[in-house]
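Some notes on the structure that comes next.
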Amino acid sequence: MNNYEYIIASLPVLSPDWKYPEGEGFDHILEEIRNQLSATDASTVDLLLKGLDPENLNQEFYMTALSHGNRFIREFFRFDLEVRNRKVDFLNRKLGRPEGTDIITGMDQEGRTLFATGEMEEADRVVEILHGQDLLSREKALDGLYNDKVSQITTFNYFDLDAVLGFITKLRIIHRWLALDPVTGKEMFSHLLAEVRGTYNDLEYKQ
């Protein structure tokens, strides 16, 4: 188990125009990877996949991820938390909601710090992207930022679990876009809203 050299060597080379081989898909490739991992590493992959589903992203999840023993999990989800907090802040201002609404602060109800938030070197870039006028361009730019962050985290990881986790994360980003066509792509703002806890049925977003 955990023959990382073999696992990495067997993975496809991902590129912006990459497509699944005929008869394969995300689940197929993921299963091939999982079958070659130990139970411990497979559980780390499960946590990654849980965090790649926006419905699972809450304070409890981030507290688990940011204290995890795996470096990729810690660094990627700290980045993810900071990006999402800035997206929520952007929406709060656009929708006229009180400042700080639905922001994950890392503080418990007694004001004790569970994990630190608020700092990221890409902050200015995230804000710039969110103020773009075209929805699809914004989403692609944010995914590009995520892709670059994965590359940064795994710069010196060639044949280890972090390299595997980085590949799965990048594949999930590509999988997301392969599932879209121009029509469904125009509806992506509703997905962005869905990432923010709360409902906005009576609000209309004005670009």
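We did not get these values from a lab; they are worked out from the coordinates using the rules stated. Keep in mind it's a predicted model, so treat the numbers as computed, not measured. All Cβ positions, even for glycine, are placed from backbone atoms using ideal geometry, and neighbour counts span all protein chains on display.
Sparse packing (at most 15 other Cβ atoms within 10 Å of the Cβ) combined with a DSSP loop state is found for the following chymotrypsin sites (Phe, Trp or Tyr not before Pro) in region 1-94: TRP18.
With K and R counted +1 and D and E -1, the other residues having a Cβ less than 12 Å from that of ASP162 yield a net charge of -1.
Mind checking which of ASP89, ASP80, ASP124 has the largest fluctuation in a GNM of the chain, springs on alpha carbons under 10 Å? Per the Cα network of the chain with a 10 Å cutoff, ASP124 tops the list. Each residue, GLU121 and GLN109, gets one label point 7 Å from its Cα in the Cβ direction; the gap between the two is 3.9 nm. Electrostatic tally near ALA141: other residues with Cβ closer than 11 Å to its Cβ, Lys and Arg +1, Asp and Glu -1, net -2.
Taking GLU24, GLU82, GLU139 as the candidate residues, the one with maximal mean-square fluctuation in a Gaussian network model of the chain, Cα springs under 10 Å, is GLU24. Kirkwood analysis of the Cα pair distances in the chain returns a hydrodynamic radius of 18.4 Å. Just checking the listed ones, VAL164, VAL127, VAL83: in the Gaussian network model of the chain with Cα springs under 10 Å, the one fluctuating most is VAL127.
Site pair ASP102 and LEU145 shows an inter-label distance of 1.7 nm when each label is modelled 7 Å from Cα along Cα→Cβ.
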